[in-house]
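Structure record follows, encoded as C-alpha cells.
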Amino acid sequence: MSDVTREPAGTGRELRLVGFLCNWCSYGGADTAGVGRFIQPTDLRIVRLPCSGRVNPLFIAKTLLYGADGVLVSGCHPRDCHYAEGNFYARRRLEVFRHLLPTLGIDPRRFEYTWVSASEGQRWQQVVSKFTEQIHSLGPAPRLPGAPELEWMQSGVNPA
Amino acid sequence: MRIGVFICHCGSNIAATVDVKKVAEAAWGMNDVVYSTDSMYTCSEPGQQAIEEAIREHKLHGVVVASCSPRMHEPTFRRTVERAGLNRYMFEMANIREHVSWIGRDKALNTLKATELVRMAVEKLRLNRVLTPKKIPATRKVLVIGGGVAGIQASLDCADAGLEVVLVEREPSIGGKMSKLDKTFPTVDCSSCILGPRMVDVAQHERITLYAYSEIDSVSGYVGNFEVNIRKKASYVDWEKCTGCGACTEKCPSRKTFDRFNEGLGATTAINIPFPQAIPKKATITAGACRQFQGKKCGVCAKFCPTGAINHEQKDEIVTVKVGAIVAATGYDLTDWTVYGEYGAGRYPDVITSLQYERMLSASGPYGGHIKRPSNGEEPKSIVFIQCVGSRDPSIGRPYCSGFCCMYTAKQAIMTKDHIPDSRSYVFYMDIRSPGKGYDEFTRRAQEEYGAQYVRGRVSQVYPRGDKMVVRGADTLLGLPVEVEADLVVLAVGGEASRDAPKLAEKLRISYDGFGFFMEGHPKLKPVETNTAGVFLAGSCQGLKDIPSSVSQGSAAAAKVMALLSRDMLESDPQTALVDIKRCIGCSKCVKVCPFGAIREQDLRGQIKAEVLEAVCQGCGLCNATCPQGAIQLSHATDNQILAEVEALLCQM
C-alpha cells in the first residue's frame, strides 16, 4: 500500500527532506495537493516562509550540514510573486548557491528549487515524488565516521 | 515559557491516517510543553473553548494547534488565544492534514511526520514575540476593473454605499458580454432593456468615475493605499467635446472595418460608436482601419464633426488614482473555435458562433433582428446548434464545462422559433446541464413547446453540399449515425479566461490557475476574496458563470469592499521587518532590495542606519535575506525562528 513512500529495498527508512515554501503559492499548492488527495512520499517536512526571497542560502547550507539528505525550495512562478519580485531574487541567489555546494563538499543534486502555484496541486505531487526519488537514489547524506547517532536515526520507522 | 499543544482529529480526516493520541503523547516530551491533548474538532466551539480554558487553567504563554493548513484556520485560532488573553502571535500551527494525513497512506510514517511537524511548531513558538498591529489610514475609494455586468454591479453597490468608485473598462463602452446578448435565459428578458438602465446609472452616478477605453498600467501599494496608473488609450477623439451625434460615422469612408462589437458579423466604419446604447456614447477611431493613419488623404470625420473633437495626434495618457481596494471583474473571452477543423474552422460563412447569432437576433444588430444566412441573406429553415464547442474537451486544453452554453442554446432555439415559425432547430448535445432556478424547465420548454429536436451525440463533420451545410454526427441514444441538412450552423462556443488575465494578475499580485482564471481565497468560504488583502473578484474572471451569478458576485465583492473600508483606519499586519540599530552598518542593501520602498536611510547621530516604515512593509523578508549583518529581521519569521524549525527536525540528540 505504501509503495510510494518506501525507499529502495534494504534501508527501510525515510530520508530527511526539508522544504522551504513560500506561503502564497507553493505552500498553497501543497495544500491543494492535500485537498485533492494527491498521495506523496512522506519524507518531506515543510517550513512555511512568506516568500522564496526570504530564503537565505545559508538556511539551506545549515540544513544540509545538520544532516538533511535533501533540501527543496519552492516559490511562485517568476512574474507571479505575491511581493512582485521576491522570487527573482530567490532565483538568482539559489542558482549561484547551487554552484557553491560542491565547495562545501555537498552533492548539488541534494538541492533543488522550483516554482509551483497555489492551483498546481498535481504538479506539487510530481515535484515531491520526483525530488524524493532523486534523493533516495543518492541515498542518505554521507556522515563522518564515528559521528553520534541522532534520535531520529534510531526511531526511524521501518514500515517493512 | 509554558506551551499547550492541541492535536486535532478533524473527525476522521486526520485520525484515519495519523495516530493522533500518540502525537499528543509525544508532545508532552517537547521543550516547554506543559499541556498536551487531542480533540475531535479543534475549530468547533467546544474545541476552541477547550483551548481558552487550558490557557487559563495551565497559565499558558503560547499555543500550538496541529490540524489543517494555517491558510485555513490560523486567523480562527489567533482569535481564540486572543479571547483567552494571549497575544494573537503567540500561536503556531502544524499542518498535519493537507501536508500529512491527506497525502500519506502509511499510518506509522504519518504519525512520525505529524510529531515532527508539531515539534517544529513548538520550537518556533518558543522564539515568538508579542506583536501589536498599528493603525494605518485607508483611502475610501475603490477601483473596479472591467465594466461588464459584474463590474457594473460592484461599482453601483459601492457607490450607493457612499464609496468613491473608479471604473476602468478596456473597450470603448461598458456593458461587457451581456450588452451583446439579445435576450437572457430563463426569462427571455431583453438583455439591453435590463442592462441599459444600469449602464446609464453608472454614467450618471456622482460617485463613479468611468475610464472607458482604458487599461491598468501598473499597481503599487497595499490594502487601503493602492496607487494605480490607468492608461487612457488614444481614441483620437476628444471625449470632452464629442457629443456622440454620429455625424463622423455617417461620413467615414473606411466602411470595411472589423466590427468587434458585432463579432465581425457586419462591418463598421473606422470611426465608430460601438452600439446605440454605448456608455459613454463617444466615437473612437480604429487606427488600423483609418485612411488618415495609413497616410492617405482623408480627415473627413474632422471636417464633419460639429464640435471639432477629432484629434488624430492624440496620445495615450496616464492617470494616477489612489484607492483603498480593488475589484477585478475582467470577465471572459470566447474560446478559439477555429481550432475545430471538422466544423469548418471559420471557412464557411453559414457556420457561426453563438455570440454572432445573438447579434443576428438583436434588433440593433447588423441584420436588424432578422435571422439570415450570411452567405446569401436568405432566411434559414433548418438550423443546427452544436454544443460544447471549446468546452469539456481536454484535446484542446479546455476540460471544464463553461456552464452557460446549454442554457443559451435553449434560449436561441426558442428565439429561432419565434422569429421563423416554420423553422426546425436541431441541438447536438453531450449532456444538458441546467441546474438553476427555472433552468431545467426552460430547456424542456425549448424541446416540448418549441419543438427543438435534441440529439444526444457529437458532430463529427460539417461540410457544404450545394448551398446547404451537411452536419454529420451520431445519435448515441439510438446508436445510429445522423445527417442533417442545415441552412445555418450555430456553434455553442464556450468561454475562457480573458486573454490578458495573467498579465493583470501579475500586476495585482494575485494568483491564477492553469486556465488563467483568478484564484479565490478559498473555493467555498472566500469566493470573492483573493489572497492579496484588498483585492477582490467578481464575475467570470474567477470562473465562468452566468449573469445571475456574476451579479451576485459583483454585489458580494462590493460587500467585502464596504466592510473593509467601513473604517477610516485599518490594522496593519505587525509581521514586519525590524532593524537592530546596533548591528546595522548602513550599507543600505535592504533599501535597494525592498519592492515596496518600505525601508529608508536615517541619520542617527552622524551614522546611516536603515529604518522600516511599518505601515508600508508587507513582510516578504527580502531585506532579511539580503542583510549581510542579519541586522534586519522579519518579525515572526526571524532567521533564528526558521533555523529553530530546522534544528527541531535534525538536531534532536
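Can you name every residue in region B:48-76 that is in a loop (DSSP other than H, G, I, E, B), out of contact with any Asp or Glu (no Cβ under 9 Å at 6 or more places or on another chain) and under 21 Å from B:HIS636 (Cα atoms)? It would help to see each step written out before you state the result.
From region B:48-76, those in a loop (DSSP other than H, G, I, E, B) are B:58-61, B:68-69; that's our starting set.
Those left that are additionally out of contact with any Asp or Glu (no Cβ under 9 Å at 6 or more places or on another chain): B:58-60.
Answer for region B:48-76, where residues must be in a loop (DSSP other than H, G, I, E, B), out of contact with any Asp or Glu (no Cβ under 9 Å at 6 or more places or on another chain) and under 21 Å from B:HIS636 (Cα atoms): just B:LEU60.
Quick check: is even one residue across region B:26-47 surrounded by fewer than 24 Cβ atoms within 10 Å (Cβ to Cβ), over 14 Å from B:ARG2 (Cα atoms) and within 14 Å of chain A (Cβ to nearest Cβ)? If you could, list the steps in order and put the result at the bottom.
Step one: list which residues in region B:26-47 are surrounded by fewer than 24 Cβ atoms within 10 Å (Cβ to Cβ), which gives B:26, B:28-41, B:43-47.
Still in the running and over 14 Å from B:ARG2 (Cα atoms): B:26, B:37-41, B:43-47.
The next check asks that each one be within 14 Å of chain A (Cβ to nearest Cβ); those that pass are B:26.
Yes, because at least one residue in region B:26-47 is surrounded by fewer than 24 Cβ atoms within 10 Å (Cβ to Cβ), over 14 Å from B:ARG2 (Cα atoms) and within 14 Å of chain A (Cβ to nearest Cβ).
Within region A:61-68, does at least one residue satisfy the condition of being within 11 Å of another protein chain (Cβ to nearest Cβ) and at positive phi?
yes
Of all residues in region B:182-216 being under 25 Å from the mean Cα position of the chain (by Cα) and among the acidic types (Asp, Glu), which is nearest to B:MET415 (Cα to Cα)?
Among them, the one singled out is B:ASP201.
Hey, among the residues in region A:71-85 that are buried (at least 22 other Cβ atoms within 10 Å of the Cβ) and more than 8 Å from chain B (Cβ to nearest Cβ), which one's farthest from A:TRP24 (Cα to Cα)? Can you show your working first?
Step one: of region A:71-85, the residues buried (at least 22 other Cβ atoms within 10 Å of the Cβ) are A:71-76, A:81-83.
Retained after the next criterion (residues that are more than 8 Å from chain B (Cβ to nearest Cβ)): A:71-75.
Values: A:VAL71: 19, A:LEU72: 16, A:VAL73: 14, A:SER74: 11, A:GLY75: 8 Å.
It comes out as A:VAL71.
Which of the residues that make up region B:465-513 are within 30 Å of A:GLY121 (Cα to Cα) and among the acidic types (Asp, Glu)?
First, pick out the residues of region B:465-513 that are within 30 Å of A:GLY121 (Cα to Cα): B:493-513.
Once the filter is applied, which keeps residues that are within 30 Å of A:GLY121 (Cα to Cα) and among the acidic types (Asp, Glu), region B:465-513 yields B:GLU496, B:ASP500, B:GLU506, B:ASP513.
Within region B:396-409, can you find the residues that are surrounded by 17 or more Cβ atoms within 10 Å (Cβ to Cβ) and out of contact with any Gly (no Cβ under 9 Å at 6 or more places or on another chain)?
The answer is B:CYS406, B:TYR408, B:THR409.
Within region B:259-274, can you find the residues that are of a type in the set (A, V, I, L, M, F, W, C) and crowded, with 22+ Cβ neighbours inside 10 Å? Outline the logic, then answer.
Initial filter on region B:259-274 (of a type in the set (A, V, I, L, M, F, W, C)): B:261, B:265, B:267, B:270-271, B:273.
Across region B:259-274, the qualifying residues are B:PHE261, B:ALA270, B:ILE271, B:ILE273.
What are the residues in region A:91-117 that are in contact (Cβ under 8 Å) with a residue 60 or more places away in the chain, hydrophobic (A, V, I, L, M, F, W, C) and out of contact with any Ser or Thr (no Cβ under 6 Å at 6 or more places or on another chain), if any?
A:TRP115 - this is the single residue of region A:91-117 that is in contact (Cβ under 8 Å) with a residue 60 or more places away in the chain, hydrophobic (A, V, I, L, M, F, W, C) and out of contact with any Ser or Thr (no Cβ under 6 Å at 6 or more places or on another chain).
Please determine whether any residue of region B:238-258 is part of a strand (DSSP E or B) and crowded, with 19+ Cβ neighbours inside 10 Å. Give the steps one after another, and end with the answer.
First, the residues of region B:238-258 that are part of a strand (DSSP E or B): B:257-258.
Cutting the leftovers down to crowded, with 19+ Cβ neighbours inside 10 Å gives us none.
No, region B:238-258 has no match at all.
Quick one: which of B:GLU645, B:GLU601, B:GLU571, B:GLU611 is over 22 Å from the mean Cα position of the chain (by Cα), acidic (Asp, Glu) and within 30 Å of B:LEU117 (Cα to Cα)? Don't jump to the end; show me each part of the working.
Values: B:GLU601 fails: within 30 Å of B:LEU117 (Cα to Cα); B:GLU571 fails: within 30 Å of B:LEU117 (Cα to Cα); B:GLU611 fails: within 30 Å of B:LEU117 (Cα to Cα).
When all the criteria are applied, what remains is B:GLU645.
What's the total number of residues in region A:49-60 that are farther than 17 Å from A:PHE131 by Cβ and either surrounded by 24 or more Cβ atoms within 10 Å (Cβ to Cβ) or more than 7 Å from chain B (Cβ to nearest Cβ) (or both)?
The number of residues fulfilling the criteria is 6.
Tell me whether region B:503-518 contains one or more residues that are touching a helix residue (DSSP H, G or I) at 6+ places or on another chain (Cβ under 6 Å) and in contact (Cβ under 8 Å) with a residue 24 or more places away in the chain.
We begin by selecting, within region B:503-518, every residue touching a helix residue (DSSP H, G or I) at 6+ places or on another chain (Cβ under 6 Å); these are B:512, B:516, B:518.
Pick out the ones that are also in contact (Cβ under 8 Å) with a residue 24 or more places away in the chain and you get B:518.
Yes, region B:503-518 has at least one match.
Just to verify a result, which residue in region B:528-539, among those that are out of contact with any helix residue (DSSP H, G or I) (no Cβ under 7 Å at 6 or more places or on another chain) and crowded, with 18+ Cβ neighbours inside 10 Å, is farthest from the other protein chains (Cβ to nearest Cβ)?
Of the residues in region B:528-539, the ones out of contact with any helix residue (DSSP H, G or I) (no Cβ under 7 Å at 6 or more places or on another chain) are B:530-531, B:533.
From the residues that got through so far, the ones that are crowded, with 18+ Cβ neighbours inside 10 Å too are B:530-531.
Values: B:THR530: 10, B:ASN531: 6 Å.
Ranking the qualifying residues of region B:528-539, first place goes to B:THR530.
Tally up the residues in region B:299-313 that are open to solvent by 50 Å² or more (accessible area, probe 1.4 Å) and either at positive phi or in a loop (DSSP other than H, G, I, E, B) (or both), please.
So the count comes out to 4.
Return only the number of the condition from (1) surrounded by 17 or more Cβ atoms within 10 Å (Cβ to Cβ); (2) over 24 Å from B:ILE136 (Cβ atoms); (3) at the interface with another protein chain (Cβ under 9 Å from one of its Cβ atoms) that B:GLN641 does not satisfy.
(3)
To keep it simple, each residue is scored yes or no on (1) touching a strand residue (DSSP E or B) at 6+ places or on another chain (Cβ under 6 Å); (2) of a type in the set (A, V, I, L, M); (3) within 30 Å of B:SER511 (Cα to Cα); (4) at pLDDT 95 or above.
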{"site": "B:LYS315", "(1), (2), (3), (4)": "no, no, no, yes"}
{"site": "B:VAL321", "(1), (2), (3), (4)": "yes, yes, yes, yes"}
{"site": "B:VAL339", "(1), (2), (3), (4)": "no, yes, yes, no"}
{"site": "B:GLU342", "(1), (2), (3), (4)": "yes, no, no, no"}
{"site": "B:ARG347", "(1), (2), (3), (4)": "no, no, no, no"}
{"site": "B:SER354", "(1), (2), (3), (4)": "yes, no, no, yes"}
{"site": "B:GLU358", "(1), (2), (3), (4)": "no, no, no, yes"}
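When you go through (1) closer than 30 Å to B:THR338 by Cβ; (2) open to solvent by 40 Å² or more (accessible area, probe 1.4 Å) one by one for B:ALA497, which number turns out not to apply?
(2)
Looking at region B:279-298, which of its residues are assigned to a loop (DSSP other than H, G, I, E, B) and either out of contact with any helix residue (DSSP H, G or I) (no Cβ under 8 Å at 6 or more places or on another chain) or open to solvent by 50 Å² or more (accessible area, probe 1.4 Å) (or both)?
So in region B:279-298, the residues assigned to a loop (DSSP other than H, G, I, E, B) come out as B:279-283, B:286, B:290-291, B:295-298.
If the condition is that a residue be assigned to a loop (DSSP other than H, G, I, E, B) and either out of contact with any helix residue (DSSP H, G or I) (no Cβ under 8 Å at 6 or more places or on another chain) or open to solvent by 50 Å² or more (accessible area, probe 1.4 Å) (or both), then B:LYS281, B:LYS282, B:THR286, B:CYS290, B:ARG291, B:GLY295, B:LYS296, B:LYS297 are the ones that fit.
Which of the residues belonging to region A:14-46 are within 7 Å of another protein chain (Cβ to nearest Cβ), more than 16 Å from B:GLY521 (Cβ to Cβ) and open to solvent by 10 Å² or more (accessible area, probe 1.4 Å)?
A:GLU14, A:ARG16, A:ARG37, A:PHE38, A:ILE39, A:ILE46 - these are the residues of region A:14-46 that are within 7 Å of another protein chain (Cβ to nearest Cβ), more than 16 Å from B:GLY521 (Cβ to Cβ) and open to solvent by 10 Å² or more (accessible area, probe 1.4 Å).
Could you say which residue among B:ARG129, B:ARG119, B:ARG88, B:ARG79 is of a type in the set (D, E, K, R), more than 25 Å from A:ALA33 (Cα to Cα) and either in a helix (DSSP H, G or I) or facing chain A (nearest Cβ under 9 Å) (or both)?
On the way: B:ARG129 fails: either in a helix (DSSP H, G or I) or facing chain A (nearest Cβ under 9 Å) (or both); B:ARG119 fails: more than 25 Å from A:ALA33 (Cα to Cα); B:ARG88 fails: either in a helix (DSSP H, G or I) or facing chain A (nearest Cβ under 9 Å) (or both).
Among B:ARG129, B:ARG119, B:ARG88, B:ARG79, only B:ARG79 is of a type in the set (D, E, K, R), more than 25 Å from A:ALA33 (Cα to Cα) and either in a helix (DSSP H, G or I) or facing chain A (nearest Cβ under 9 Å) (or both).
Scan region A:93-106 and give yes if some residue there is buried (at least 24 other Cβ atoms within 10 Å of the Cβ) and within 9 Å of another protein chain (Cβ to nearest Cβ), otherwise no. Quick ask: steps written out before the conclusion?
Our first condition is that a residue be buried (at least 24 other Cβ atoms within 10 Å of the Cβ); within region A:93-106, this holds for none.
For region A:93-106, residues buried (at least 24 other Cβ atoms within 10 Å of the Cβ) and within 9 Å of another protein chain (Cβ to nearest Cβ): absent.
Taking region B:245-283, which residues are among the polar types (S, T, N, Q) and within 28 Å of the chain's Cα centre (by Cα)?
Taking region B:245-283 as the starting set, the residues that turn out to be among the polar types (S, T, N, Q) are B:249, B:254, B:257, B:262, B:268-269, B:272, B:277.
B:ASN262, B:GLN277, listed by residue number.
Can you name the residue in region B:613-627 that is open to solvent by 20 Å² or more (accessible area, probe 1.4 Å) and modelled with pLDDT of 95 or more and, of all such residues, is farthest from the other protein chains (Cβ to nearest Cβ)?
Checking each candidate, the answer is B:CYS627.
Taking region B:469-494 as the search range and keeping residues that are among the aliphatic types (A, V, I, L, M) and touching a Leu at 6+ places or on another chain (Cβ under 9 Å), which one is surrounded by the fewest Cβ atoms within 10 Å (Cβ to Cβ)? Break it down into steps so the answer makes sense when it comes.
Of region B:469-494, the ones among the aliphatic types (A, V, I, L, M) are B:469-471, B:474, B:477-478, B:480, B:482, B:484, B:486, B:488-493.
Still in the running and touching a Leu at 6+ places or on another chain (Cβ under 9 Å): B:469, B:474, B:493.
On the way: B:MET469: 26, B:ALA474: 17, B:VAL493: 23.
Filtering region B:469-494 for residues that are among the aliphatic types (A, V, I, L, M) and touching a Leu at 6+ places or on another chain (Cβ under 9 Å), the one surrounded by the fewest Cβ atoms within 10 Å (Cβ to Cβ) comes out as B:ALA474.
Could you please tell me which pairs satisfy a Cβ distance under 7 Å, a separation of 6+ or placement on different chains, a first residue in region A:128-142 that is touching a residue at least 12 places away in the same chain (Cβ under 8 Å), and a second residue that is open to solvent by 20 Å² or more (accessible area, probe 1.4 Å) and assigned to a helix (DSSP H, G or I)?
Sorted first by the residue in region A:128-142, then by its partner, the pairs are A:GLN134/A:ARG109; A:LEU138/A:ARG109.
The values are calculated or read from the model by the stated rules, or taken from the named source; none is laboratory data. Since this is a predicted model, take the numbers as computed values, not measurements. With ideal geometry, Cβ positions are generated from the backbone for all residues, glycine too; neighbour counts draw on all protein chains shown. Heads up: the accessible areas ignore ligands, DNA and RNA and are worked out on the full protein's heavy atoms, side chains in. Shrake-Rupley method; radii C 1.70, N 1.55, O 1.52, S 1.80 Å.
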